[in-house]
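Everything on this sheet refers to the single structure shown next.
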Amino acid sequence: MSKKPIIVFEGIEGSGKSHHISKVSKYLKERNINHIKIREPGGNVNSEKIRKLILNNKSDFSQNTDLLLYMAARSENIDLIKKSYKKKVILIDRFIDSTIAYQHYGMGIDVNLIKTLNKFLLKNIKVDFTFLNIVNNKNLYERLKKRKSLNRYDRFNMTFYNKVQNGFIKLSRSKKDNYELINSNLDIKNNEKLILSKIDKLI
C-alpha cells in the first residue's frame, strides 16, 4: 500500500464518518503530514455548487438525475485528486462505494452502469483503505433529530437507510482486506483511538 494512500470514510447519515475524518485530518496536521480532505458531493468550487443542488430540500430529481449529478460532482474533483495522488494522503468523506450503496442498493439503479461511470472518471485511481461507520436505527434517529437543519438526504425513511447500510456491509465483505468496520453505537473516544491507530499503520 502507498504511504500516501487514499483513505475513505463511508457510512449512512448519523454514522459519525464526518466527525472521524475531521479528527484524522487534525491528527495529520499536528504531525505535519501533507494531506487533503474533501467530501462528496463537494470538494472544489464547482462540486460544491452541485452539492447544494443535490441536497436542497426543494430539489426533486429522478433517481437517474441524482446519479448523474453525483458523478458530475466527482468529475469536478478528479483533477484535485490527481494532483495529490501518491504525493499526499487523501482523505475523502464518501466516495465510489457511497454511489453503489445509495444509488444501487438504496434506489435500484443498475450497478454495472455505476461501475462503468466510475471507471471512466477514475481511470487508474484506486482507494487504498475504507473506514465504514455503522449505526443502528435508534442512534441514527436521535442524531438526525439533533441536527440544526436537515438536507434532502437526511429525510429518507429507515427502510431506505437500512438498504443502504446493508449495501455498504456487502461491499465491505467483498473488500475485507481494505475495509474496517467502525461500530459508531459504541464509545466515540474508543473509536477515535481505533481509527488513529489504523491511520498510523496506513501512513
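The values are calculated or read from the model by the stated rules, or taken from the named source; none is laboratory data. Here the structure is a predicted model, which means the values were calculated and not measured. Cβ sites come from the backbone with ideal geometry, for glycine too, and all protein chains shown count toward neighbours.
Tabulated data for the structure shown
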read-out	value
Qualifying residue in the stretch 91-110 (condition: over 15 Å from the mean Cα position of the chain (by Cα), acidic (Asp, Glu) and outside any helix (DSSP H, G or I))	yes
Residue list for the stretch 129-143, restricted to those being at pLDDT 95 or above, outside any strand (DSSP E or B) and crowded, with 17+ Cβ neighbours inside 10 Å	135
Qualifying position, being surrounded by fewer than 19 Cβ atoms within 10 Å (Cβ to Cβ), within 23 Å of residue 166 (Cβ to Cβ) and charged (D, E, K, R), among 79, 110, 93	110
Evaluation of residue 25 against (1) closer than 24 Å to residue 124 by Cβ; (2) outside any loop (DSSP other than H, G, I, E, B); (3) of a type in the set (Gly, Ala, Ser) (one fails), failing number	(1)
Any hit, the stretch 13-33, residues being more than 16 Å from the chain's Cα centre (by Cα), more than 14 Å from residue 102 (Cα to Cα), crowded, with 16+ Cβ neighbours inside 10 Å and not aliphatic (A, V, I, L, M)	yes
The stretch 29-86 - residue that is acidic (Asp, Glu) and part of a helix (DSSP H, G or I) and, of those, farthest from residue 109 (Cα to Cα)	30
Some residue of the stretch 56-67 being under 18 Å from the mean Cα position of the chain (by Cα) and surrounded by fewer than 17 Cβ atoms within 10 Å (Cβ to Cβ)	no
